[in-house]
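Written below as structure tokens is the structure these notes are about.
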Amino acid sequence: MAANLLNDVALLDELVGLLEVNDRRMPIARVGQEIFHLRNPGNAFFQGVVRRLVKDDPRFVVRDDGFIELLPDRREFRRLDQSEFVVVDIETTGLNPRWDRITEIAAFRVVPEGQISNQCPRWTIADEFGVLINPQRDIPHWITRFTGISNEMVARSPVFGEIADQLIEFIGAATIVAHNVRFDIGFINSEINRIYDKRLFNLRLCTLQLSRQLFPELPNHKLHTVAHYLGIDIEERHRARGDALAATRIFMHMLELLNQRGLVTLVDVQEFRRHKTSGRALDSLPR
């Protein structure tokens with residue numbers, strides 16, 4: 001369990017996401033503006049704050065030229081067909097992980113099953129995790145209307161601390177996948193941080209970002225839009241299990257498309273996600 005946890009605060013998840021969409025390197029001053037919302041962060045004090053924030057995380061380098069860099073992770077060079085993935089979805093009491101809490105979580109483990117051919121691996125769902133969670137606070141009425149999860153439904157459910165170890169064990173060292181993974185990881189790590197003062201250190205992939213590259217013709221890349229485009233039914237929209245299962249099926253379809261494009265490692269996929277697809281790649285997209 002401890003192998004995939006680091007001492008940290010939830011801000012690191014925002015920093016990882018910010019660096020990933022900025023080619024892994026950016027001025028520390030921009031970090032201050034975009035994450036800490038400071039007007040004039042270009043000073044030695046703020047650079048010291050950033051250095052203390054990332055000091056226990058080997059992914060980050062704070063350079064003397066005023067830039068911070070997210071280093072490549074050796075785990076990203078693992079082949080997709082030799083990797084395991086856990087696709088997650090959560091429901092929450094609101095949108096901010098600093099004070100809102102998780103009310104439901106579902107996850108599916110996706111593993112390589114074998115080869116359809118010499119070129120195309122087969123993927124399968126190997127296991128499932130799901131639970132309603134008592135957030136220890138009132139669920140707003142607008143959230144109940146949106147998700148169908150009420151205070152009465154979670155009153156006898158476990159609190160997050162009672163299922164945290166089980167969830168961490170289920171995820172293990174797998175790459176975490178979600179539709180808008182920064183949202184889900186931000187909440188999960190905030191909950192874990194409250195208990196252990198640590199965070200998940202897993203690699204992550206975002207089906208929302210991949211959809212923008214794989215399906216640029218779509219009017220938007222919301223979960224139900226992508227699912228409808230691929231002919232995937234969502235069994236219960238805005239409930240964790242239904243959305244997680246749809247995201248899992250979307251992701252398995254994406255794995256096939258990525259393989260067809262010759263993207264065989266996690267680092268291949270990350271590079272593809274960060275940059276615009278070529279005309280040749282667009283020609284091969286399903287219509």
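Condition check for Ala178 on (1) more than 30 Å from Leu266 (Cα to Cα); (2) crowded, with 20+ Cβ neighbours inside 10 Å: one failure, at (1).
What's the total number of residues in the stretch 181-210 that are surrounded by 18 or more Cβ atoms within 10 Å (Cβ to Cβ) and either on the phi > 0 side of the Ramachandran plot or of a type in the set (D, E, K, R) (or both)? Looking only at that region, the number is 6.
Sort through Glu169, Glu128 and tell me the only one that's surrounded by fewer than 13 Cβ atoms within 10 Å (Cβ to Cβ), more than 16 Å from the chain's Cα centre (by Cα), closer than 19 Å to Ala244 by Cα and acidic (Asp, Glu).
Glu169 is the lone residue from the list that is surrounded by fewer than 13 Cβ atoms within 10 Å (Cβ to Cβ), more than 16 Å from the chain's Cα centre (by Cα), closer than 19 Å to Ala244 by Cα and acidic (Asp, Glu).
Every condition in (1) in the same structural domain as Ser157 (by TED's automatic domain parsing); (2) more than 30 Å from Leu257 (Cα to Cα) holds for Asp89 except the one numbered (2).
Per the conditions (1) buried (at least 20 other Cβ atoms within 10 Å of the Cβ); (2) closer than 30 Å to Leu263 by Cβ, the sole criterion not satisfied by Ile143 is (2).
Could we say that Leu167 is under 22 Å from Glu76 (Cβ atoms), modelled with pLDDT of 95 or more and in a helix (DSSP H, G or I) here? If you could, list the steps in order and put the result at the bottom.
On the way: under 22 Å from Glu76 (Cβ atoms): no; modelled with pLDDT of 95 or more: yes; in a helix (DSSP H, G or I): yes.
No: the conditions fail for Leu167.
Taking the stretch 84-113 as the range and being farther than 27 Å from Arg194 by Cα and crowded, with 20+ Cβ neighbours inside 10 Å as the test, only Val110 passes. When every residue of the stretch 194-201 is checked against the conditions, at least one turns out to be at pLDDT below 95 and hydroxyl-bearing (Ser, Thr, Tyr). Taken over the stretch 44-91, the residue count meeting the criterion of being hydrophobic (A, V, I, L, M, F, W, C) and without any contact (Cβ under 8 Å) to a residue 40 or more places away in the chain is 7. Reported count of residues in the stretch 182-237, each being part of a helix (DSSP H, G or I), among the hydrophobic types (A, V, I, L, M, F, W, C) and closer than 26 Å to Gln166 by Cα, is 6.
The values are calculated or read from the model by the stated rules, or taken from the named source; none is laboratory data. Here the structure is a predicted model, which is why all the values come from computation and not from measurement. FYI the Cβ positions are ideal-geometry reconstructions off the backbone, even for glycines, and counts take in every protein chain you see.
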